[in-house]
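The values are calculated or read from the model by the stated rules, or taken from the named source; none is laboratory data. As the structure is a computational prediction, the values presented were derived from the model and not from experiment. For neighbour counting, all protein chains shown are included, and Cβ atoms are generated from backbone atoms with ideal geometry for every residue, glycine included. Keep in mind that these areas ignore ligands, DNA and RNA; they rest on the heavy atoms of the full protein, side chains included. Shrake-Rupley method; radii C 1.70, N 1.55, O 1.52, S 1.80 Å.
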Amino acid sequence: MDSKTLRYIAKRIVMAIVTLWAVITVTFFVMKAVPGDPFASEKAVTPAARAALEAKYGLDKPLMEQYKNYLVGALHFDFGPSLKVRGREVTAIILDGMRTSAKLGIIALLIATVTGIVLGSIAALRRNTIFDKFIMVITTAFVSMPSFIMGSLLLILFAIKLKWLPANGAQPGGLILPVITLSLYPMSYITRLTRSSMLDVLGQDYIRTAKAKGVSERNVIMKHALKNSLIPVITYFGPELAYIVTGSLVVEQIFAVPGIGRYFVSSITGRDYPLIMGTTIVLASLIVIMNLVSDIMYKVVDPRINLE
Amino acid sequence: MDIKNPLSMHVNAEDFLPASEEEKAYMVQMRPSTTFFRDGCRRLYKNKVAFVSMLVIIAITVASIVLPMVWPYRYEQQLGVQPGKPVDASFLNLAPMEYSSTEQARIDAGESVFPHLFGTDAAGRDYFIRVVYGTRISLAVGFFASIIVLVVGMTLGSIAGFMGGRVDMVIMRIVDIIYSLPDMLMVILLAAVMRETIGTSLEGTVLANIGANIISLFIIFALLYWCSMARLIRGQILSLREQEYVLAAQATGAGARWIIVKHLIPNCISVVIISTALQIPSAIFTESFLSFLGLGVNAPMPSLGSLASDALNGITSYSYRLVIPAIVISLIVLSLNLFGDGLRDAFDPKLNQ
């Protein structure tokens, strides 16, 4: 790695840290801007009890000190107690939900990436055939369908009408439909991305050279074409994870999957502010880190790319 | 002189007569001069997919505006509720094309009753007009959100491009940070907070009719989605400023105003229009997503997302209530995307080379 690449990576890491700080700051001050206080829902709180509660949660301190405490807490992955789920720390709730959500997200991510690359390469190699056109039509339709629509339609078709799969995500086999719902959009996107970049690569001089040298069709595709056409796909990993994270918010709602997305949605409707902040920060960090990793990978894999 | 020697050097005087009008028309092939706009329209017309999508969008838009005016039912009208009478439960949850017992009695008596094309919902409201009205709301939100993005992005982008230096650097660093924020999470967070904060301050103003949630949606779009537009316009201005024709115009003594109006704006307008057009489906997407999470339009106003979200409760018995708005959303987003792509192919001169 030359010094230019290293400088780029350093700059990119600084940028990611600034972004994370911005996320924490925005969430903190936005939450503080909400009128009323978190104890307003509790009926008839005496002034003394209220003062005790505020002291317990550190809300009696000046705003900047609260901010400093929150920032330090967030760095230690400590987001304080939840307001609605009695006696539980936000961190514990998030970790709990993460177990299911991570399983869901990782499976969806793998399925989407692998099928997307395979379908995209086949479509590019069999360009302008029925198969290619069919793939392009289907993926165009999927890309225009919001995840909640996709999820609801799959739920109606496979769980209610055909009764092949359970509608509840907590049952055995219940994660199949949520995984399909989550993976269809990124799969379609990767298919289209791989197809266009594969077509681009197949027109390059080195492919012709390899063919002229007598390299077998199989080796030309696997060693030369596929490897090079995957470079743009790497950049999509960040947005793909972002899509899966936000998609899981509604998908977990539709299929009643006990994951972090469901806590996030219910914390919004229940106005559980520490939980909203905690989940936002955790999910945002995930996305920011993934974006960072995919950007750096992109640069390292193909040093020709000038990202400045 | 009658028999002409083929080798004669004598010239024929007739060849030197002025050409007749017909000959002129034959010799000079005048094509009608075409403008950039007309040329683009021709290409757009040739692109069948984009053209059909445009027709679909126009049809849906016109229907969503006209139908609520002529339809006998209103979107918030609970048909079973009449002043001074007990609630007529036979109006609730009608199947498509079904009549309530009260209406059936009127039909039997020889009156004509307008059918409920998609039935009624759990509150006895005509579902067809709710879907039509929801389409109108979703389209309007998408359209106005894109206009807001355009205005904010264009202002900040052109300021950054023209001023350069420190102003440019500050604006572009802000753009970088907002760009790397996970947008959907921030949108949800802001939407959840904003409806609490601005709800009370709106009361009594004109804006209260639109509802706090839609206003906060617009504010969110103005805050978060201007970045790519600003980047685009800044880049356009920076590259256009250096073009030879700008230098040529300056050399012939053109003022800054003339250069901006005659050279810079016409050259970047197509790129701006295309990216605004592609912003509309993404705004509709976001609105329906928020409505689905319960952060969208205020009840009883429907949007396609909130209709789908409400339908989720009765999904086992009334699944068509979810399928209908789902199809409409997908159709709108799909045709807007295809139309935007067609627009880009037709009007982006750099792609034509």
If you check A:N69 against the conditions, is it closer than 30 Å to A:K227 by Cα and either not hydroxyl-bearing (S, T, Y) or not in a helix (DSSP H, G or I) (or both)? no
Which of the helices (runs of 4 or more DSSP H) contained wholly in segment B:140-250 include at least 1 residues that are farther than 28 Å from B:K262 by Cα and touching a residue at least 24 places away in the same chain (Cβ under 8 Å)? B:165-180, B:183-202, B:212-224
Check on B:G124, crowded, with 19+ Cβ neighbours inside 10 Å and either among the polar types (S, T, N, Q) or farther than 30 Å from B:M172 by Cα (or both): yes
Within segment A:165-174, identify whether any single residue is open to solvent by 40 Å² or more (accessible area, probe 1.4 Å), free of Cβ contacts under 8 Å to residues at least 12 places away in the same chain and within 12 Å of chain B (Cβ to nearest Cβ), and answer yes or no. no
Restricted to segment A:34-64, and to residues that are modelled with pLDDT of 75 or more and under 25 Å from B:M186 (Cβ atoms), which residue is least open to solvent (accessible area, probe 1.4 Å)? A:L63
State the number of residues belonging to segment B:85-101 that are exposed (fewer than 15 other Cβ atoms within 10 Å of the Cβ) and out of contact with any Leu (no Cβ under 8 Å at 6 or more places or on another chain). 7
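Quick check on this structure: which one of B:I147, B:I178, B:I188 is of a type in the set (V, I, T) and open to solvent by less than 30 Å² (accessible area, probe 1.4 Å)?
Numbers: B:I147 fails: open to solvent by less than 30 Å² (accessible area, probe 1.4 Å); B:I178 fails: open to solvent by less than 30 Å² (accessible area, probe 1.4 Å).
Only one candidate qualifies: B:I188.
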Starting from residues that are more than 22 Å from the chain's Cα centre (by Cα) and within 14 Å of chain A (Cβ to nearest Cβ), keep the ones in segment B:251-294 and report whichever is surrounded by the most Cβ atoms within 10 Å (Cβ to Cβ). B:L293
Spot the failing condition for B:P32; the list is (1) closer than 30 Å to B:I273 by Cβ; (2) open to solvent by less than 90 Å² (accessible area, probe 1.4 Å), and only one is missed. (2)
Which is free of Cβ contacts under 8 Å to residues at least 60 places away in the same chain and either of a type in the set (D, E) or within 10 Å of another protein chain (Cβ to nearest Cβ) (or both), of B:A326, B:A299? B:A326
Can you go through B:V113, B:V167, B:V87, B:V141 and tell me which one is within 23 Å of the chain's Cα centre (by Cα) and of a type in the set (A, V, I, L, M, F, W, C)? B:V141
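Kindly indicate the residue of segment B:102-114 that is among the acidic types (D, E) and under 13 Å from B:P72 (Cβ atoms) and also surrounded by the most Cβ atoms within 10 Å (Cβ to Cβ) among those meeting that condition. Even if it seems obvious, please write down each step before you answer.
First pass over segment B:102-114, keeping only residues among the acidic types (D, E): B:103, B:108, B:111.
Filter once more, so that each one left must be under 13 Å from B:P72 (Cβ atoms): B:103, B:111.
Values: B:E103: 20, B:E111: 9.
Per the stated criteria, the residue is B:E103.
Please find, among A:P274, A:P239, A:P258, the residue that is without any contact (Cβ under 8 Å) to a residue 60 or more places away in the chain and either closer than 20 Å to B:I177 by Cα or more than 11 Å from every other protein chain (Cβ to nearest Cβ) (or both). Spell out the reasoning first.
Working: A:P274 fails: without any contact (Cβ under 8 Å) to a residue 60 or more places away in the chain; A:P258 fails: without any contact (Cβ under 8 Å) to a residue 60 or more places away in the chain.
Exactly one residue qualifies, and that residue is A:P239.
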Qualifying positions in segment B:225-246 - within 13 Å of B:G153 (Cα to Cα) and open to solvent by 60 Å² or more (accessible area, probe 1.4 Å): B:R231
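Output yes when any residue across segment B:147-154 is at pLDDT 75 or above and either within 14 Å of another protein chain (Cβ to nearest Cβ) or more than 30 Å from A:G247 (Cα to Cα) (or both), and no when none is. Steps first, answer last, please.
Within segment B:147-154, the subset at pLDDT 75 or above is B:147-154.
When the remaining residues are screened for being either within 14 Å of another protein chain (Cβ to nearest Cβ) or more than 30 Å from A:G247 (Cα to Cα) (or both), the result is B:154.
Among the residues of segment B:147-154, at least one is at pLDDT 75 or above and either within 14 Å of another protein chain (Cβ to nearest Cβ) or more than 30 Å from A:G247 (Cα to Cα) (or both), which makes the answer yes.
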Identify the residue in segment A:261-271 that is surrounded by fewer than 24 Cβ atoms within 10 Å (Cβ to Cβ) and either at pLDDT 85 or above or at the interface with another protein chain (Cβ under 9 Å from one of its Cβ atoms) (or both) and, among all such residues, is nearest to A:I156 (Cα to Cα). A:V265
With criteria (1) away from chain B (no Cβ under 11 Å); (2) touching a Ser or Thr at 6+ places or on another chain (Cβ under 7 Å), A:V250 comes up short on (1)
Please list, ordered by first then second residue, the pairs with beta carbon atoms under 6 Å, 6 or more apart or interchain, first in segment A:15-26 and more than 9 Å from every other protein chain (Cβ to nearest Cβ) and of a type in the set (V, I, T), second open to solvent by less than 50 Å² (accessible area, probe 1.4 Å) and assigned to a helix (DSSP H, G or I). A:I24/A:A74; A:I24/A:I281
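Condition check ((1) within 14 Å of chain B (Cβ to nearest Cβ); (2) closer than 18 Å to A:A256 by Cα; (3) of a type outside the set (V, I, T); (4) not in a helix (DSSP H, G or I)) across all residues:
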{"position": "A:L109", "(1), (2), (3), (4)": "no, no, yes, no"}
{"position": "A:V114", "(1), (2), (3), (4)": "no, no, no, no"}
{"position": "A:L119", "(1), (2), (3), (4)": "no, no, yes, no"}
{"position": "A:D132", "(1), (2), (3), (4)": "no, no, yes, no"}
{"position": "A:V137", "(1), (2), (3), (4)": "yes, no, no, no"}
{"position": "A:M150", "(1), (2), (3), (4)": "yes, yes, yes, no"}
{"position": "A:L155", "(1), (2), (3), (4)": "yes, yes, yes, no"}
Please list, ordered by first then second residue, the pairs with beta carbon atoms under 8 Å, 6 or more apart or interchain, first in segment B:90-108 and more than 15 Å from B:Y73 (Cα to Cα), second among the polar types (S, T, N, Q) and open to solvent by 50 Å² or more (accessible area, probe 1.4 Å). B:S90/B:S101; B:S90/B:T102
Looking at A:T279, is it among the polar types (S, T, N, Q) and surrounded by fewer than 21 Cβ atoms within 10 Å (Cβ to Cβ)? no
Looking at segment B:299-335 only, could you name the residues that are more than 18 Å from A:S147 (Cβ to Cβ) and either touching a strand residue (DSSP E or B) at 6+ places or on another chain (Cβ under 7 Å) or crowded, with 24+ Cβ neighbours inside 10 Å (or both)? B:P302, B:R321
